[in-house]
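Student: Take a look at this one; I'll ask things after.
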Amino acid sequence: MTSTTALDDKPGAPVEDRPRVISPGLTSGDLFFRRGVAVVGATVLIITGAIGVFLGYQSIPTLQRYGWNFFVENQWQPENDIIGISAVLLGTVQVAVLALLMAFPLALSTALYITEYAPARLRSALVSLIDLMAAIPSIVWGLWGFFLIQPHAIGVARWLATHMSWVPIFHVDTDPNAAVWAQTRFTASVFVASIPVAMMILPMACAVMRGVFAQAPLSEREAALALGGTRWGAIRTVVIPFGRGGIIGGTMLAMGRALGETIAVLLIISPAFDLKVRPLEVGTETVSALIAGRFGEATSSQLSALLTAGFVLFLLTLLTNTVAAVFVTRSRSGSATEL
Amino acid sequence: MTSVLGGASLATQEVPSMGGGAALEALDLSAWFGTNKVLDRVSLQMHPATVTALIGPSGCGKSTFLRILNRMHESNPAASLAGEVLLDGQDIYSPALKITRVRQRIGMVFQKPNPFPTLSIKDNVTAGLMLTGRRMNGPEKADLIEECLLHASLWDEVKDRLDDLGGALSGGQQQRLCIARSLAVRPDVLLMDEPCSALDPTSTRRIEETIHELRDLVTIVIVTHNMQQAARVSQQCAFFLAAQGTPGVIVESGTTEQIFGSPLDERTSDYVNGRFG
């Protein structure tokens, strides 16, 4: 009724129309739930933010004292007032990258097998098995790596160091002609430590990839098959291009986890603070293993130094995860598919 | 009735030129999803250089029938079937034939346009070659792309932007791109599953014109809900019907003229005259 009168009034003064206020019409139940969820969601943000603020605050004395040197110095000798995290950061990144190199192909092919090839009955069993891997405590992975894997891994490391020593990263400082090969030059290395870490991050990477592969549009898969393509052809032209964002994002999320992995690494490595990229050679150190190893006997200034190292790791992980999130949301696989 | 025997061997025939298409014959096809039977001993001849329309109400098994014709039916793990599909006399379900080869010879255009959205227009056209591991040099490829896009009546609209993404085209253009993509693998038969149901009237008209032009190149089988469309594009017609709780059957088949002009069965007459369905 009102609208027709408005039309009839047309000859009169032109009235500017403006958007009217529409009440969202939420019921009290909706409102209650919305507030509850908002509070819980905000709590998560506040806790994460508080961790960052706390670590940042605790870092101030150390950063004031050592300044830029904190990032350049490689030794960690609080008793001699020499503290720096360059070697530790290098070790952390090495363990994470190597773990990723091992976990990535395994996660990718496992995810592809589960979503594309496995018979329906086997599928759920495989998914639970992979999820079970994520449930294994990291101390168990550490023991597994130390007692079961290390004795074999050093053999592989020795082979690589002997036959491919022209590749700089395979170099190990040892006498290749020694009558008895120096096993201890190969133990407790980045390489050995990264194996359990790879196993730990595999389920996460696999789950993210599985999720995006399963979303690949059926209509495009059928298009590939109807053209005479094989299953692998459909995977190559449809599933992998569609899942690219998830592949990269899942890998980087796993990287974030690998950067912070502590116990398994602490069990395996023997601390060394050299600025070197020799993953097969004995000795390295990571930020989290450093903190866990030195925390107990630290004085308050040493504790501040450890927390500063933790702050740097926090920022590094935050950056990795943010980049991962950007990849996942920007890709077609991350956004709602519309086709 | 044309002889369906004596066709070239499927396995040895390599990239034949499009020329009239092949004869396709369904013999006593039944189909199930789990224990639910959806088609009951359906037989139909689909002649070369002819458009055969499959009409009938929803849920009568037309699409299932069509998907059996190029072995897409079995991609559903719960699906099973009985009977034979003869392509130039050879059973496409025989173990002697590779499923990929069958699908190369019997192409399919789907209800919803499904170009590969991350591939360019020209890569979409040649996607089938890539998928079936065929190599082609640059000029050959360019010729094929032009030829197929011309056949699909899309060339004029896209010739200046062949490197744009296939997903950037309009719905009707995407569907014609899908037709061009199917033609690029040189099929003998082209199956179309309600190719215009997601399109506006103008695009529908373009697709129908395309079908007219393709008729001389390939055998076309088209499922459609649109009676006028069936009358416009097809020469042969088959009317599918599934009575309440029973699997689908072909009530009547024959020339489109006969099905629409003087149907023998009362149910066909009721359906084509819009009295039900």
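The values are calculated or read from the model by the stated rules, or taken from the named source; none is laboratory data. Since the structure is predicted, the reported quantities are computational estimates derived from the model, not experimental observations. Positions of Cβ are backbone-derived with ideal geometry, glycine not excepted, and every protein chain shown enters the neighbour counts. When the accessible area is computed, the model is the full protein with side chains, heavy atoms only, and any ligands, DNA or RNA have been set aside. Shrake-Rupley method; radii C 1.70, N 1.55, O 1.52, S 1.80 Å.
Student: Mind putting together the pair-distance distribution for the protein assembly as shown? All Cα pairs, 10 Å bins, whole percent per bin, short to long.
Tutor: Binned Cα distances yield the sequence 3, 13, 17, 16, 14, 14, 12, 7, 3, 1, 0.
Student: Next up: Express the carbon and sulfur contribution to the solvent-accessible surface of the range A:136-203 as a percent, rounded to the nearest whole number, probe 1.4 angstrom.
Tutor: 70
Student: What is the Cα radius of gyration of the range A:60-142 over 2.2 N^0.38 Å, N being its residue count?
Tutor: Dividing the Cα Rg of the range A:60-142 by 2.2 N^0.38 Å gives 1.79.
Student: Another one. 222 nm [θ] for chain A, helices only, -39500 (n - 2.57) per DSSP H run of 4+, per residue, to 500?
Tutor: That calculation yields -21000 deg cm²/dmol at 222 nm.
Student: With every protein chain kept in the model, how would you rank B:Asp88, B:Asp160 by accessible area, 1.4 Å probe, largest at the top?
Tutor: B:Asp160, B:Asp88
Student: Which angle between 0 and 90 degrees, to the nearest 10, do you get for helix A:150-163 versus the longest principal axis of chain A when only C-alpha atoms count?
Tutor: Compared with the principal axis, the helix lies near 80 degrees.
Student: On the Cα set of the range A:146-266, report Rg and Dmax in Å, please.
Tutor: Computed over the Cα atoms of the range A:146-266, radius of gyration and Dmax are 20.6, 64 Å.
Student: Counting only protein heavy atoms, what percent of the accessible surface of the range B:40-174 is carbon or sulfur at a 1.4 Å probe?
Tutor: Ligands and nucleic acids excluded, carbon and sulfur reach 49 percent.
Student: Using a Cα-Cα cut-off of under 15 Å, which aspartates and glutamates could be cross-linked to B:Lys122, ignoring same-chain neighbours fewer than 8 residues away?
Tutor: By straight Cα distance, B:Lys122 reaches B:Glu140, B:Asp143, B:Glu146, B:Glu147, B:Asp156, B:Glu157, B:Asp160, B:Asp163, B:Asp164.
Student: May I pose another question? Using only the alpha carbons of chain A, determine the length spanned along each of the three principal axes and report them from longest to shortest in whole angstroms.
Tutor: 105, 63, 36
Student: OK, next. Between A:Ala134, A:Gly260, A:Thr162, whose Cα lies farthest towards the positive end of the dipole of chain A when Lys and Arg beta carbons carry +1 and Asp and Glu beta carbons carry -1, centred on the Cα centre?
Tutor: Positive-end residue among those listed: A:Ala134.
Student: Further question on the same structure: How many times 2.2 N^0.38 Å is the alpha carbon radius of gyration of the range B:26-151?
Tutor: Ratio of Cα Rg to 2.2 N^0.38 Å: 1.22.
Student: Of the candidates B:Gln111, B:Gln258, B:Gln236, which one comes out as most mobile in a Gaussian network treatment of chain B with C-alpha springs shorter than 10 Å?
Tutor: In the Gaussian network model the winner is B:Gln258.
Student: For chain B, modelled as a GNM with alpha-carbon contacts under 10 angstrom, which of B:Ala127, B:Ala180, B:Ala142 fluctuates the most?
Tutor: For chain B, modelled as a Gaussian network with Cα springs under 10 Å, the answer is B:Ala142.
Student: Here's something else I'd like to know. With a 1.4 Å probe on protein heavy atoms only, work out how much accessible surface A and B bury together, total over both chains, in Å² to the nearest 100.
Tutor: 1800
Student: How many percent of the alpha carbon pairs in the range B:105-151 exceed a separation of 18 Å?
Tutor: Above the 18 Å cut-off, the range B:105-151 has 32 percent of its Cα pairs.
Student: Evaluated at 37 °C with a viscosity of 0.692 mPa s, what Stokes-Einstein diffusion coefficient in µm²/s does the range A:241-292 have when Rh comes from the Kirkwood expression over alpha-carbon pairs?
Tutor: 257
Student: How do B:248-255, A:237-244 rank on mean C-beta neighbours within 10 Å, highest first?
Tutor: A:237-244, B:248-255
Student: For the range B:172-194, which residues drop by 20 square angstrom or more in accessible area between the chain on its own and all protein chains together (1.4 Å probe)?
Tutor: Residues of the range B:172-194 that lose at least 20 Å² of accessible area once the other chains are added: B:Arg181.
Student: For the range A:225-250, state which residues have at least 40 Å² less accessible area in the presence of all protein chains than in their chain by itself, taking the probe as 1.4 Å and leaving out ligands, DNA and RNA.
Tutor: Hits at the 40 Å² cut-off: A:Leu225, A:Ala226, A:Leu227, A:Gly228, A:Thr237.
Student: Write down the accessible area per residue of the range A:66-171 in Å², having rolled a 1.4 Å probe over the full set of protein chains.
Tutor: Accessible area per residue: 55 Å².
Student: Counting only other chains, and only Cβ atoms inside 10 Å, what mean value do you get across the residues of B:108-114?
Tutor: Partner-chain Cβ atoms within 10 Å, mean over residues of B:108-114: 4.
Student: Okay, next question. Bin width 10 Å, alpha-carbon pairs only: give the P(r) of the range A:1-140 as whole percents, running from 0 to the bin holding the largest distance.
Tutor: Going from the shortest bin to the longest, the percentages are 8, 14, 15, 19, 16, 11, 8, 6, 1, 0.
Student: Related question: Which whole number in µm²/s is D for chain B by Stokes-Einstein, with the Kirkwood Rh taken over Cα pairs at 20 °C and 1.002 mPa s?
Tutor: 112
Student: At q = 0.17 Å⁻¹, what base-10 log of I(q)/I(0) does the Debye formula yield for the range B:97-194 when every alpha carbon is treated as an equal point scatterer in vacuo?
Tutor: Taking Cα atoms of the range B:97-194 as identical point scatterers yields -0.68.
Student: Now for a different question. Compute the accessible area per residue over the range B:186-235, keeping the other protein chains in place, probe 1.4 Å, unit Å².
Tutor: It amounts to 37 Å² per residue over the range B:186-235.
Student: Inverting the mean 1/r over all pairs of different Cα atoms, compute the Kirkwood radius of the range A:126-211 and quote it in Å.
Tutor: Every distinct Cα pair counted, the radius reaches 14.6 Å.
Student: What per residue convex hull volume, in Å³, comes out for the range B:190-241 when only alpha-carbon positions are used?
Tutor: Taking only Cα atoms, the range B:190-241 has a hull volume of 78 Å³ per residue.
Student: If you don't mind, another one. Of the accessible area of the range B:192-231, with the probe set at 1.4 angstrom, what percent is carbon plus sulfur?
Tutor: 45
Student: Among B:Leu69, B:Leu217, B:Leu264, which one shows the biggest mean-square fluctuation in a GNM of chain B, springs joining Cα atoms closer than 10 Å?
Tutor: Sorting by GNM fluctuation, first place goes to B:Leu264.
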